[in-house]
Structure formats: C-alpha cells, structure tokens
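Beneath this line is the structure, given in structure tokens, with notes to follow.
The values are calculated or read from the model by the stated rules, or taken from the named source; none is laboratory data. Keep in mind it's a predicted model, so treat the numbers as computed, not measured. Counting neighbours? That spans all protein chains shown, and the Cβs are built from the backbone with ideal geometry, glycine included.
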Amino acid sequence: MLSKPILNLHNYFLKGLGLLLFLISFKTIGQTAVTRIHTDWNGYWTSNSTTGVGNRPNTENNLLAFLWNGTTYSTGVNDANLTTRGITFNAQKYRALKIQTLGLDPGSTYFLQGAMIDGSNSTATLTPPLTGTTSTGPELASRLTDGVNGLTLGTGIANIKAGTAEFKIGTNNLTISGIEDNIPDLIVTQVAEPGGTPDSFKFVDASGATVGNQLSVSFGSVTAIGTYSLDLFRADNGAMAFTAAATRDIRIVGIETKSFGITPANAAQVDRFVVTFSGNSDCAFIAFNTSSLKIAELSMIKRASISSCGKLGDTVTYTFDIKNTGEVPITNISVTDLMPGLTITGNSIPSLAAGASRTLTGTYTITAADVAAGRITNTAKVTGTDPSLNIVEDISGQTYTDNIATVIDLLAPPTIGTITNASCSSLGSVVLNNLPSGNWTLERTPGGVTTTGSGTTATVTNIPVGTSYSFRVTNSSGCKSPSSAAFNITDQSSTTWNGTAWSQGTPDLTKNVVFSGPYTITSDINACALTVNAGVNLVVPTNVTLNVLNAVSVSSTGSLTFENNSSLVQTNNVTNTGNIVYRRISKPVRRYDFTYWSSPIYSSSYTLKTLSTATLADKYYYYDSATSAWKIDYNGITVMKPGIAYSVRAPQTYSITSGATYLATFTGVPNNGNYSVATTIGKWHLVGNPYPSAISADAFINSNLHLGALYFWTHNSPPNDAVAGDAKYNYTSDDYAAYTLAGGTGTTTGADRPNGYIAAGQGIFVKSSTAAPIVFSNSMRRTGNNTQFFKTAGDTESKNRIWLNFSNSGGAFKQLLLGYMDGATNNIDDNYDAVTMNANSYIDFYSISNAKKLTIQARALPFDNTETIPLGYKTTIASDFTISINDADGFFTGQEVYLEDKLLDKIHDLRTSNYTFSSAIGTFTDRFVLRYTNKTLGNEDFESTDNALLVSVKEKIVKVNSLNENIKEVSVYDISGHLLYNKKKVNTAELIIQNLQSSNQVLLVKVTLENDHTVTKKIIFH
C-alpha cells in the first residue's frame, strides 16, 4: 500500500493538477504558499494579511485571483476587473467541482454565511432558508458550489461530517502538459478557526486503487492573508449559532498534480478524485482548472409548475434542463424519474457538446398522497457516456451547481409572523402572513383546530403553551398547502421572586407576579396578577403604585402593606383574596375636628371604632339622606361599607388648639370592581372613594351626571378666643372645597384646591337630581395622584379660568372660580357649576347666574369681553375685606380684569392691585360686578374702536370692517361655541367671508385688532 506523506508547505511547493479546493477548517497546517488574494467584495478587494474593522468582506465575495509562488493567477471570474485595476496576472479558468451531497453532525456542523448576505450586521438569517425543518445533504452541498463558477468565499460548511466525496474525471482526461507546468492545480483554503484532524486527497483508478500518492493537508502554521465577517448557523435546523457578524481569518495553500505522484506514465489510469473529510473540514468549494483537467460532467435543473394551485387530479408540468458542464462531449443522454406517474416526452438526447444544453418536458397527475402532504418533492437523474465510455450522471437540482430536490407547493404555506407567548391573562397567538386571497380554512397541528376567514394576514389566538405548532391552509378552490414553519408558544404567564432573582424576567402586565422571598419595593410594579406567599412581608412605600390587571392574593401568614399616599390600581372586576394593610394619614386635625372617611378595604370586623378607637363614643356619624340629618353611630359599631363615607371626630386625646395628623390603618381585603350607592332625588349624600387608589373626579362626574358638583370638607384654624372681638384669626372657619368639570376652589389663603382626583379614603358630599344610583368603577382609578385630599396639579384640558379670593386680615376667607370652556353654557350646568354651600361661619363669596349663587361658574366659549359678571358676598362681621386674583390660566393669563364697585362708583384694575373696601354686616348681591373692559380709566380708544368695528351679513356673505385699526384675526362661532371659521394674519381693515358652512342661525364673530383689542359681535346669519 502506498504511503501517505504529510505535505510540509515550508519547503515544498505543489504543482500541476488543475483543482482549486477551498477548505474552511478549525485546524491549520504550515506556511501558506498563497500570499495575496483578490476578490470582488465591494467591487474589488485585495489582502495579504489579517484585516481590521471596515475592511472585512461580508458578502458572497467571489475569488478573482491569487498570488502563488510569486505569480498572480486569475480564476476567470472577472478578468476585466483585474485589468481595470492594473493587476498583471496569468489568465486561468477555475470551476467548482459539483459535490452532490454532504453529511452533517447535529450540533457541530454549521452553515457559514457572509454577515451581510441577509442584509443585516446585527441579526442573522440563513439565506436561502431551509426547505424543511432540517437541512438535507444536497442543501449542505449547494453551499460549496454557489457563486460565480462556484468560487464564492462568502458561503460554506463547517465541520462536514466525516466521509468521502468522489469526482468523476474519466480515463485519459488529465492534460499531460499540465502535470509539470508550475501552475497550482489544487488550492486548499481555510477560513475559520484552525485545528482538528487533516483531510486527505487522492486520485484513484476505475477499480478504486490509489494512483500515485495520498496527501494529507494540515493548517498548523499557515499565515492568515485576510479576515472576513460571517454568521454561523446550525446545519440541523438553521438556527443562528454564536453571535452575528463574527470574524474568521483566511488561509490558503496551493498544490500541483505531481505532489500526488502523478506522472505522464500513470495519468491515463486516473478515473476519479477522492476527498476524505475528517469531520473537522470547513469547506467553501472544490474547483478545477479547466485547462488542466478534461472533466466529463452533466448537470440538470428540474422545475415544476401548476396553473394556479394544485388539487387531486390536477396536472403538474415539469421541465428538465440538461447541460454539458464538462469539457468533453457526452452521448446517449437520458433522464429517469423514480416518481410513479411522471411521463417525460422525447426522453433521448443523442449527444451534447461541451457547454450545450437541451430541455425535456414531463407531466404528472396529483395524487391523494400529494394532497395529504401539500407539496410534491422529487429528483430526477440524467445519465450519459463520455468519449472514454465512462458513465456520467447527475442528480437534478435547483441550479446546475446543486442537487437540491425539486419542490412544488400545491398552495403556498402560511408564513409565521409575530408570535405572542402565553401570558397570565391570555393564551398565545401568532400572526400568519401569505394567506391566499378569498376565503380560507386554517388547520393547526397539533390539535387539529380549524379557523376560517379571509384576507392575506390573520392573527390566530387561544393557542396553548406547546412546541412544534404549524398551520396548513386550504383555499376556496380546495387546494391545500403544506405545513408552515414550526413555532413554539412558551409560558410567560408568571415570574417569581425567590429572594434573589426573577424566574421569568422582571414583572410586567403580561405576567403573574409571585413573591416567595423577601423583596424591597422601590418603584412602581406592573403585574397581570399579584401573589404574596406565606412568610413574605412586602411594603409599598409612599408615592409608589402597584398596577395589577387582575386579582391580588395575600397569604394569611404573609403581608402586603401600603404606606400613606401609595396606591393599588386594578383593572378587571375580579375578586381579591387575603388582607392588605392600607395606611392613610389625615390632614392636621384638632380634637373637635371631623374628617370624612371612606374605607379602601372591606372586613366584616372593620368598624368606625376600629378606624379611631380614641374618639368619643357619640362622635361617630353617618349622614341620613332620607331625613337630611346626621345620625350618631354610638360607639362606632357600624361596619364601613365600600362607597359610603362617615364623619369621625378626632381622638379625644388630641389638642383643642394645635392640629396633628391622624394615622388610620385599614386592614382587610382590598376593594375592587363596581360599587353603587342608592340615592334619593334632591337629597345630599355622603359618599367616598372605595378604592386603595385615587380616582379621577372628572371620570366620576361623567359617570354620574345626575350629581353635579363635588364638595370636600376641609379643616381650617379655629377661632382664637384669647382676645375677644377683632383679634387676628378670629373669623377663620371650616368650609367646603368645591370641584366641577370646570375646576376647583380652595378654602384658605394659600391652601391647595381640588386638583381633579379623589384620594383613597376621601369622603365627599354630592346631591342627586335623579333616583339613579351613584356608581364607582375601576375605570375611574388612576395611578398616583393619591396624596392627602388635595394637591395642586395642572389640568389636562384646555380651560380659561380665574380664581378670586375674598378675605380679611383676621383670617376670614372664601374663594370663587369663573371659567370659560368647551362643554359649558351660560345657563346652570350641574357638572360645571357649583352653588355655594354657605358653610363658612363668617363670610361667603360667589358669582351670580340665573339667580343662583355659584362658588364655581363655567361659561360658554367664545369669550365675549363685553360680558359683565355680578358678584355677591355675605358677612356676619363688619370688617375691611380684600378681593384679589388668586390664580389664572388659559387666556386669563393676559386678559384685563376689572372689578366695578357700584356703591362707590369705581372700576378697579385687579391686574395691577388688590381691591380693599369696608363692609357692614349683611348680604350684598348688587355691589360688585366683574368686567373685562374699563370705560372710565382711559380706555376711550377701546370704546371708540368697538363702535368703529362693523360686522354685516348679506346673502350669506359676512363682511367685517374696521375703521381705525387693521384686523389681526377673525373667528366665527355658533351659539354653542363650536368654531366655524378662523382667519389669522388678516392685516387689512376689511375681511369678506364667503361660503361659510352654517345654517340660518345666530353667530358670534370674534375680531382681534392689531392693537390686540378683542371685540365680539352677534349676527343673524341668513
């Protein structure tokens, strides 16, 4: 038996065969004989050493030429490119040998692919994808023959399964003159991590005996001549391996034929070339020099087609494109197809010259088995004879260079889109794309669940946790697709904290959140459901919210405590289990102060006495709406019910003069879901927020339109009787803060006013205009905004408001609100206007509309600066009082505001200073008027401007004329305040409005002049 010498490239240059072999291996041999390469990456790229970031091929990267033993040899891929670059080269032509199939070792064999072949450096997608769930031998082999002439460095296979590949040469097909021509015939390329057992190469005769020597090539010390960027994919399933855009170095050696012991004497014996893969081979391609080796080769492409889709009995048409891809003529060519029922027409080709091709056709009738599979997969074989009477054959492929089976889908399968895994609130779902037009039926495997519908995209829901799901689709014609790609639905429904880490990632609204170990809450937590296990004690700190879609469960030996101003917000109407502790700190109260409390929890043992154990026995009250009277709940035995508020006096131990906060501790099951409170028409009701979170006051009003304004009880400083009569602070008293959709009013100078939220534990008075119940729902609940009773905050709607204070130096105080906004009218609106409660012991202050005394009055837009608003007040003391602007928003931040004192015949600019006056005891409803223009303090120009602005209507054409000032802007509103027309930057003294879209009605025309003076005129549009 012939010896197998290891080729040492330090001192032995190989010559002559005419084969170019690119191997990608994790093992290297000695010194390389190739010292530079030229490729077509980015048009042209050359390298002779490792390359850095930005200079690494990442696409198909076809080999143009290489430098070997001092000479540059072209490969025939694009010699013109080399010439353009000024490269001097020895022109040759190399072509990849066609490997028909390769084996794979699951978990260790990989596809190699340039990082940008899939179009992305950050992700990795096998391109083209596998036709099935695992790769086939021909699919693996196709990565060794792709690219121009099969010479791409950008694709390959790593760790090819140990085995052999044979390439037919045929006797007498070696060119004798090429055996010792000093041109490299075999080139071995390694472009991955070197290492492993070397591969071996040999020539054999027709009987399989070795001709010459067998060589083994190792890459132990070959110097890298380039670096490229690639993605690696598992060959068994196409999944990404390692990281995207990894890098590997390129190493190349070259071999000539005589290194195998081939001489002119034994060359005629050569029949085949054999490569033995060791299991560590990382191969890109094997190619031959066409001027050195006369390869006898046939290649065939098999294609299939159907008219639209395929069903039982339909015909499939096949074409067989046969080409002589060798260098010698082939005769007696025929095609065989093992699929029963496939008939080939004209199946005999006498001969094909080198490079010639011929096409045959065939037909096939779809069977029940094909319908069951949804696709037809098969291959054909072409056979011929070379001039040396050797048999030449090829298995059909999708290109001339591969042997991948021909597949035709009877109907295109669905493609898998977005997968949503199972959460605590829902099963999984998947988006299916590429569905047929018209009606269709989907069938899920496993499970056999069917779904019908139409459209090219659909979302299939209610998929349980499971693996290897797939879908088939049947269209309205009865054609049925093969299965889609497989996908999994994983269980993402819960995550558990074990004291150290989360089991399924951090909590969110898709997961049940379980605490089985100690945990420190520092910020908001979102959960689908929340469970506190035995022995776990959680504390939710101030201003932190637990947002939970579903139920909260607390073990009887665990605890969940909410500190003051923290929140539990729930979405769905589900039943909670287990107790929480909810702590609420009141505003400072004195012994005789009452607080309106409601309970955020329910427990059959939680009474008013539990709420405040040190309160006197007869100082627990509830409000009886039927009799409009307070009733004593002696000794506080009443169980606190959701949605009901109670009045409880401060503990008897508290000071009479100095206020102190009170800590209420509520222990019970947290209230959740819908609650209702019965009402009596025209009666006041004391109700309260039933939840351990704030609720939106606007949402509450909009869900209870029969209630109107909300009234919040507040606590101010008591009268100081140390000095009788007019001592400082003598006249301060308790009062109600009011809130409507227009906003809220405060009760003391500098005090917060209701900001649009009703805090947990807060009680309020409301008056029902119907017998409809008062309702509370989870939709009213809000995250945060749960501070004690009131907190100043911005409004979310566009409103134009002004707050006026009425006070004296002794501490008497009353506030009113006047606003202009969408939704309001100039009549009484229960949900926007609030009548004064007249609860202040000393003073009252209000605006007057339709004979109603209003602490909050909302008026319609558009704003008319000619309006005047009557103001009234009541006082039980004779004193000096001050009227002042407390705050303003919207257009009131710049609008002139005047107070007219009819008694003293004065008009005072409240923008410049407060107005102080003296008053006797009594009620005064006609002394003061709020106005927005001043006719007595130098505003004659404005008065004349008003008179000099003319608005007329004729034949539905509105004409606006200004005699003194140019017009800046014009807006037209209907009487309900809807904007019908707006024109900015008029910049002329006249504006004509045509084609105004309005019916015959009264309209308001608001005109702003260049001096920013605004005038509103009423017209009858007809």
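Only residues that are outside any loop (DSSP other than H, G, I, E, B), modelled with pLDDT of 65 or more and within 28 Å of Asn1000 (Cβ to Cβ) were counted across region 940-968, and they come to 14. Are any of the residues in region 838-861 charged (D, E, K, R), under 47 Å from the mean Cα position of the chain (by Cα) and part of a strand (DSSP E or B)? Within region 838-861, one or more residues are charged (D, E, K, R), under 47 Å from the mean Cα position of the chain (by Cα) and part of a strand (DSSP E or B). Remark: pairs (first residue in region 347-365, surrounded by 13 or more Cβ atoms within 10 Å (Cβ to Cβ); second residue basic (Lys, Arg); Cβ separation under 6 Å; 6+ apart in sequence or on different chains) = Ile349/Arg358; Ser357/Lys323.
Residue count for region 39-69 under the criterion of being of a type outside the set (Gly, Ala, Ser) and touching a Lys or Arg at 6+ places or on another chain (Cβ under 8 Å): the result is 5. Looking only at residues of region 871-892 that are charged (D, E, K, R) and buried (at least 16 other Cβ atoms within 10 Å of the Cβ), we find that the one that is nearest to the chain's Cα centre (by Cα) is Asp889. Every listed requirement among (1) closer than 13 Å to Ser693 by Cβ; (2) within 30 Å of the chain's Cα centre (by Cα); (3) crowded, with 19+ Cβ neighbours inside 10 Å is met by Asn550 save one, (1). Within region 94-120, the set of residues being at pLDDT 90 or above and assigned to a loop (DSSP other than H, G, I, E, B) comprises Thr109, Ala115, Met116, Ile117, Asp118, Gly119, Ser120.
Of the candidates Asn512, Asn543, the single residue that is crowded, with 19+ Cβ neighbours inside 10 Å, at pLDDT below 95 and either over 23 Å from Arg782 (Cβ atoms) or of a type outside the set (D, E, K, R) (or both) is Asn512. Tell me, which residue of region 889-939 that is among the basic types (Lys, Arg) and assigned to a strand (DSSP E or B) is modelled with the lowest pLDDT? For region 889-939, the residue satisfying everything is Lys906.
Residues that are more than 19 Å from Leu817 (Cα to Cα) and of a type in the set (A, V, I, L, M) within region 900-937 comprise Leu903, Leu904, Ile907, Ala920, Ile921, Leu937, listed in sequence order. Six or more apart or on different chains, Cβ atoms under 6 Å: show the pairs whose first residue is in region 131-157 and modelled with pLDDT under 90 and whose second is part of a helix (DSSP H, G or I). Once the first residue is modelled with pLDDT under 90 and sits in region 131-157, its partners that are part of a helix (DSSP H, G or I) give Ile157/Leu140.
Here region 68-84 is the region considered, the condition is being within 18 Å of Arg251 (Cβ to Cβ) and surrounded by 22 or more Cβ atoms within 10 Å (Cβ to Cβ), and the residue that is nearest to the chain's Cα centre (by Cα) is Thr75. Of all residues in region 236-257, those satisfying the criterion of being crowded, with 19+ Cβ neighbours inside 10 Å and farther than 19 Å from Glu60 by Cα are Val253, Gly254, Ile255, Glu256, Thr257.
When you scan region 208-225, how many residues do you find that are on the phi > 0 side of the Ramachandran plot and part of a strand (DSSP E or B)? Give the derivation first.
First, pick out the residues of region 208-225 that are on the phi > 0 side of the Ramachandran plot: 208, 212.
Checking the rest, the ones that are also part of a strand (DSSP E or B) come to 212.
Adding up the residues that qualify gives 1.
To keep it simple, each residue is scored yes or no on (1) of a type outside the set (Ser, Thr, Tyr); (2) surrounded by fewer than 24 Cβ atoms within 10 Å (Cβ to Cβ); (3) at pLDDT 95 or above.
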{"position": "Pro692", "(1), (2), (3)": "yes, no, yes"}
{"position": "Asn702", "(1), (2), (3)": "yes, yes, no"}
{"position": "Asn716", "(1), (2), (3)": "yes, yes, no"}
{"position": "Pro719", "(1), (2), (3)": "yes, yes, no"}
{"position": "Val723", "(1), (2), (3)": "yes, yes, no"}
{"position": "Pro754", "(1), (2), (3)": "yes, no, no"}
{"position": "Tyr757", "(1), (2), (3)": "no, no, no"}
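Screening Thr401 against (1) of a type in the set (Val, Ile, Thr); (2) surrounded by 20 or more Cβ atoms within 10 Å (Cβ to Cβ); (3) in contact with a strand residue (DSSP E or B) (Cβ under 6 Å, 6 or more places away or on another chain) leaves a single unmet condition, (3). Take the conditions (1) in a strand (DSSP E or B); (2) of a type in the set (Val, Ile, Thr); (3) farther than 23 Å from Phe712 by Cβ; Thr653 misses just one of them, which is (1).
Considering each residue of region 370-381 in turn, at least one proves to be within 30 Å of Lys294 (Cβ to Cβ) and either outside any loop (DSSP other than H, G, I, E, B) or modelled with pLDDT of 95 or more (or both). Residue count for region 615-643, restricted to those that are closer than 15 Å to Leu686 by Cα, over 53 Å from the mean Cα position of the chain (by Cα) and among the polar types (S, T, N, Q): 2.
Pairing residues of region 996-1013 that are assigned to a loop (DSSP other than H, G, I, E, B) with residues that are of a type in the set (Lys, Arg), at Cβ distances under 6 Å and at least 6 apart in sequence or on separate chains, gives Glu1010/Lys968. Out of everything in region 515-533 that is outside any strand (DSSP E or B) and of a type in the set (Ser, Thr, Tyr), what residue ends up being surrounded by the most Cβ atoms within 10 Å (Cβ to Cβ)? Among those residues, the one meeting the criterion is Tyr519.
Can you name the residue in region 264-293 that is in a loop (DSSP other than H, G, I, E, B) and within 30 Å of Arg251 (Cβ to Cβ) and is also farthest from the chain's Cα centre (by Cα) among such residues?
It comes out as Val270.
For region 184-200, indicate whether the set of residues that are closer than 16 Å to Tyr94 by Cβ, crowded, with 17+ Cβ neighbours inside 10 Å and among the charged types (D, E, K, R) is non-empty. Yes, region 184-200 has at least one match.
Number of residues in region 149-186 that are in a loop (DSSP other than H, G, I, E, B), within 60 Å of the chain's Cα centre (by Cα) and farther than 19 Å from Ile295 by Cα: the value is 6. Considered as a group, the residues in region 85-124 that are closer than 22 Å to Tyr44 by Cα and of a type in the set (Val, Ile, Thr) include one that is nearest to the chain's Cα centre (by Cα), and that residue is Ile117. Scan region 116-136 and tell me whether some residue there is surrounded by fewer than 21 Cβ atoms within 10 Å (Cβ to Cβ), of a type in the set (Asp, Glu) and in contact with a Leu (Cβ under 8 Å, 6 or more places away or on another chain). The answer is yes; a qualifying residue exists.
Restricting attention to region 839-860, which residues are under 27 Å from Thr1008 (Cβ atoms), in contact with an Asp or Glu (Cβ under 8 Å, 6 or more places away or on another chain) and crowded, with 23+ Cβ neighbours inside 10 Å? Scanning region 839-860 gives Gln857, Ala858, Arg859.
Residues that are in contact with a strand residue (DSSP E or B) (Cβ under 7 Å, 6 or more places away or on another chain) and either farther than 21 Å from Asp105 by Cβ or β-branched (Val, Ile, Thr) (or both) are absent from region 132-143 altogether.
Put simply, of Tyr662, Tyr646 the only residue that is crowded, with 21+ Cβ neighbours inside 10 Å and either of a type in the set (Lys, Arg) or under 30 Å from Ala551 (Cβ atoms) (or both) is Tyr646.
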